[in-house]
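Notes follow once the structure below has been shown.
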Amino acid sequence: MIPLLTYPLALLAAISLPTLVAIYYFRNRFRRYNVAGLFLWEHAARAREGGTVIRRMRASWLFILELIALIALVLAATDPRLPFRHANRSLVVVLDDSASMLAGKSGSRPRDRALVDIHKRIRAGRFKSIRFIQAGTAPTLLEVAKGIHWNDAELLTRWTCQSPASDLDGAIAMASEVTGRHARLLVVTDHAPPTPPKQGRVQWHAFGADLPNLGFINARRSQTAGKDRLFLAMGNYTHNRIGITVPIVEAGAAIKTARFELDAGKTASATLTLPPNTGAISVQLPGDALAIDNQIILLPEIHRHVGTRILIDDEALDADIRSAVNSTGLCDLHGPAQLLITDNVDTKTHPETWQLRLSIPESPKPYTGPFVVDFNHPITRGLSFDGIIWGASETNAPQGTPIVLAGNVPLLTTQAQPSGKRIFTLQINTSLSNIQATPTWPALIWNIVTLRSNALPGTPQINVASGTLVDLSLPANATVLTATTPSGAQQQIKAHAAHATLQPTEPGIYTLTTETLNTQIAVNLIAPEESNLSRRQGGTWGDWLDPETLTREYLSWAWAAGILAILALTAHTILTARRSQHGEVQS
Amino acid sequence: MKQLYRQQLREGEKVGMRYALTIPRDAMRGATGYQLGHGAGSSLDFKDFREYEMGDDLRLIDWGAYARSDKLIVKLFREEVSPHLDLLIDLSCSMDLPNTEKQAGLLTLAGIFSSAAANAKCSQGCWGAGDTVQPMPNGTQRASAWEGIEFSGTRNLSETIHLTPPRWRRHGIRVLLSDLMWEADPLDFLRPFSDGAAAVHIIQILAREEITPSLQGNSRLVDLESVNQQEVFIDSVTRQRYSEALARHQQNWHQACRQVGATLAVVTVETLIEHAWRLDALEKANILTSI
């Protein structure tokens, strides 16, 4: 076992070794000459000890002992340490769950090599326990290990490397909270740390490589003006210019093609119009270093129309409302009422029907501002109140949480019911208002209708990027949402307040069902940072050793080196004394 | 003792067969021995007559002369004397100078003197001067029988001879085989060494490298005995100064030897070897005689 050197800089003292050798080389050689009468030579001049002429060195015992003593002293100065037999440490492994960890050929991908490295660390480190933290978009503690044993297959079912990003900093912070300050942290990833870890608990092992890759970096599908539009963006993260034509496939048949011409390191996009009533489509690139970004699956966008009923006695206001409602394209005036727009507060309606109550003051005043607006509320998104004149009255102030005020006069308020139903109250007298003639009016109505549409069972997020938080509205009586992944696995997600949230990462089509709901979403890896493998690299950063660990877990052997030096020097002294006694001379 | 040393002593013995130790007049003293001394002794060789003195041995009275002259006359015979060689060998570390023939030269010369002494009918005693002066085991016998030669001494001879003063034979011949490479007043050694001796010979044995060193450049000089070291830069000037210092040192010894009546001879081992051990210098100094 190679000892650890506490003060490796002390090895600089080893410069004395070649110095010693040089001394013996330059040291003047004296030929021994036995004489019967030294007194006859007393007149002779003393010779110098050394000179500038290099002479052949003859290794003598004195030289060897001096060498041993010097080496032992240098070694003692470095304070060599060997680990204690018994160590009592925990290891936490932070697993980079981002998609780029699967780049490369099977068996040599960063995840594969990281797994081998983890096994090696466990064998070498004498740990008492190991824990894994999966670092995706949010860190997750994986309970897959018992002591220092775990099953690779079980680990790999969790460590899927399909995340669009990896929050390693968050995972390291979680590791510190979970295991305390004495555990060792091993981060396995495919890139260098932003700043090298300081000496202490963290070792950063990267297994990435700069590999050429071509992948989709964006994909959208939308229904606009009755047309099904497809937007695709591709990134060329290779060193060559690429021209490629990709087929758009529906139900196994190509319905269109898209042509991309990309210079090295550049991106390109294409927009196509799909034929009407096109269902789920897929676009596939040829295989390369990273497979997960080579495929896009998109479902047709579903516009969830809101059953809207308009009961307004005021003819002018009725006309303005109907105009705005019709412009949204989201309202079904003939279906069951899910949104009631009325100026009669006594109108009976279904308990789950949202309401937009219109309050018309009889003695209105024109308010020109300043308007106090809660722009955090979704129905104020995109609204502008510059130049708005709003006819309202203090005495007719509606109840509820204000969203728009003129001074201290509520103009638009909201009331949220426990069931999720909302009642908006809009105070307006169109004879003294110009808002209905501004873009703010249809935008406000559009926001209210969209909010109601989003609250309908299901999700407006049909095509999502992996790792996106998908919020589903569930039917009122639903308690559990069943999510079936593209690979066929099922997850049961509990509903809270008629909502369920999931964060899908596996690319493909998810099927989401309750007793009365059955919908699908398409998940695609849209992560340019993961597709770009040019900044991936391998290496090791950080050291687990710090002074406390050194003291606690390593035994110093400097004393042995010191004793060796003392013995060598003692032998040197004895040998020198003997030689002086017997008249032996160094030569 | 190393077999090599014994071999070298034996070699010296062989060479010494053609030499005899020169016996000085003063060494011809003693009661009984193998040679006729100059004094009156109890040998059978008639020397002279003299008148009887109280205490003379009655057996020495010449009765014929008394009958003729009515005077008591005694006969004098020549004395028999036994000269002795005390050979002191320097066994300090410096005598075993590496990469030279110095040690071989020393033991060969020791063997030569042993043989020469035997040839001159001298008794002998060999002494080793390491850290102390001790009689060499079997030192009274021929050189090849000697034991205990080890070049391990670290003390100079001036200190050693005072530390352990040996009991030399009086009126003997004393020979020192050494390189004389220690820094002290030569008289500190010569006085005790020559005290009571009939003749003192100092043989300085040097290796050629010690006389004309071939060193050059940076050298670490190590004294073999004191283990002191000195790192020096040697060039021609340094070598010249060394030669002058050596000459001065030898001059000091010469003067000291003259003072005590000793003979100093300097031999270069390599030269002796090259000349097949022709000891001209020692003959010239009247220390050895060719036979």
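Things to note:
- Counting only residues that are under 16 Å from B:Ile211 (Cβ atoms) and either modelled with pLDDT under 85 or more than 7 Å from chain B (Cβ to nearest Cβ) (or both), the range A:28-45 holds 0 of them.
Here's the yes/no breakdown for (1) surrounded by 22 or more Cβ atoms within 10 Å (Cβ to Cβ); (2) within 26 Å of B:Ile211 (Cα to Cα); (3) among the small types (Gly, Ala, Ser); (4) in contact with a Phe, Trp or Tyr (Cβ under 6 Å, 6 or more places away or on another chain):
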residue: B:Leu88; (1), (2), (3), (4): yes, yes, no, yes
residue: B:Ala118; (1), (2), (3), (4): no, no, yes, no
residue: B:Cys122; (1), (2), (3), (4): yes, no, no, no
residue: B:Glu147; (1), (2), (3), (4): no, no, no, no
residue: B:Gly172; (1), (2), (3), (4): yes, no, yes, no
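- Criterion (closer than 30 Å to A:Glu315 by Cα and crowded, with 21+ Cβ neighbours inside 10 Å) met by exactly one of A:Asn454, A:Asn429: A:Asn429
- Residue that is surrounded by the fewest Cβ atoms within 10 Å (Cβ to Cβ), among those in the range B:192-209 that are among the hydrophobic types (A, V, I, L, M, F, W, C) and not in a strand (DSSP E or B): B:Ala198
- A Cβ distance below 7 Å, combined with a sequence gap of six or more or placement on separate chains, defines the contacts here; from the range B:129-143, residues that are under 19 Å from B:Trp182 (Cβ atoms) reach residues that are acidic (Asp, Glu) and crowded, with 18+ Cβ neighbours inside 10 Å in the pairs B:Ala129/B:Asp90.
- Residue match in the range B:181-191 (condition: within 14 Å of the chain's Cα centre (by Cα), outside any helix (DSSP H, G or I) and more than 9 Å from chain A (Cβ to nearest Cβ)): no
- Which listed residue, of A:Ala192, A:Ala254, A:Ala233, A:Ala264, is of a type in the set (A, V, I, L, M, F, W, C), at pLDDT 90 or above and touching a Gly at 6+ places or on another chain (Cβ under 7 Å): A:Ala192
- Residues that are among the β-branched types (Val, Ile, Thr) and part of a loop (DSSP other than H, G, I, E, B), drawn from the range A:189-244: A:Thr195, A:Thr238
- Elements of type strands (runs of 3 or more DSSP E) in the range B:217-291, at least 1 residues being of a type outside the set (Val, Ile, Thr) and touching a Cys at 6+ places or on another chain (Cβ under 7 Å): B:263-268
- Any hit, the range B:254-276, residues being of a type in the set (Ser, Thr, Tyr) and out of contact with any helix residue (DSSP H, G or I) (no Cβ under 8 Å at 6 or more places or on another chain): no
- Remark: A:Ile563 matches the filter, which requires a residue to be outside any strand (DSSP E or B), of a type outside the set (Gly, Ala, Ser) and closer than 30 Å to A:Leu4 by Cβ.
- Any chance A:Gly307 is closer than 22 Å to A:Glu530 by Cβ and either touching a Ser or Thr at 6+ places or on another chain (Cβ under 6 Å) or surrounded by fewer than 19 Cβ atoms within 10 Å (Cβ to Cβ) (or both): no
- Residue that is farthest from the other protein chains (Cβ to nearest Cβ), among those in the range B:210-226 that are surrounded by 21 or more Cβ atoms within 10 Å (Cβ to Cβ) and within 19 Å of B:Thr271 (Cβ to Cβ): B:Pro213
- Given (1) exposed (fewer than 15 other Cβ atoms within 10 Å of the Cβ); (2) in contact with a helix residue (DSSP H, G or I) (Cβ under 9 Å, 6 or more places away or on another chain), index of the condition A:Ala206 fails: (1)
- Only one of A:Pro351, A:Pro336, A:Pro366 that is part of a strand (DSSP E or B) and not hydrophobic (A, V, I, L, M, F, W, C): A:Pro366
- Test: residue in the range B:178-195 that is farther than 22 Å from B:His254 by Cβ, touching a Phe, Trp or Tyr at 6+ places or on another chain (Cβ under 9 Å) and among the aromatic types (Phe, Trp, Tyr): no
- Residue satisfying all of: in the range B:227-241; out of contact with any strand residue (DSSP E or B) (no Cβ under 9 Å at 6 or more places or on another chain) and within 7 Å of another protein chain (Cβ to nearest Cβ); farthest from A:Leu38 (Cα to Cα) among these: B:Arg241
- Any hit, the range A:541-552, residues being outside any helix (DSSP H, G or I), modelled with pLDDT of 90 or more, over 30 Å from B:Val222 (Cβ atoms) and not basic (Lys, Arg): yes
- Residue tally, condition surrounded by 15 or more Cβ atoms within 10 Å (Cβ to Cβ) and assigned to a loop (DSSP other than H, G, I, E, B), over the range A:477-502: 5
- Qualifying position, being of a type outside the set (A, V, I, L, M, F, W, C), more than 31 Å from the chain's Cα centre (by Cα) and not in a loop (DSSP other than H, G, I, E, B), among A:Pro442, A:Pro418: A:Pro442
- The strands (runs of 3 or more DSSP E) found entirely in the range A:75-181 that carry 1 or more residues being out of contact with any Pro (no Cβ under 8 Å at 6 or more places or on another chain) and either surrounded by 20 or more Cβ atoms within 10 Å (Cβ to Cβ) or at pLDDT 85 or above (or both) are A:89-96, A:127-135, A:139-142.
- Flag for B:Ala207 being more than 14 Å from chain A (Cβ to nearest Cβ) and of a type in the set (A, V, I, L, M, F, W, C): no
- Residue match in the range B:134-142 (condition: surrounded by fewer than 19 Cβ atoms within 10 Å (Cβ to Cβ) and assigned to a helix (DSSP H, G or I)): no
- Every pair of residues 6+ apart whose Cβ atoms lie under 8 Å, when the first sits in the range B:246-271 and is within 14 Å of another protein chain (Cβ to nearest Cβ) and closer than 15 Å to B:Leu206 by Cβ while the second is surrounded by 13 or more Cβ atoms within 10 Å (Cβ to Cβ) and among the hydroxyl-bearing types (Ser, Thr, Tyr): B:Val269/B:Thr100
- Every listed requirement among (1) under 14 Å from the mean Cα position of the chain (by Cα); (2) assigned to a helix (DSSP H, G or I); (3) closer than 17 Å to B:Leu206 by Cβ is met by B:Met95 save one, (1).
The values are calculated or read from the model by the stated rules, or taken from the named source; none is laboratory data. Since the structure is predicted, the reported quantities are computational estimates derived from the model, not experimental observations. Every residue, glycine among them, receives a Cβ derived from its backbone with ideal geometry; neighbour counts consider all protein chains shown.
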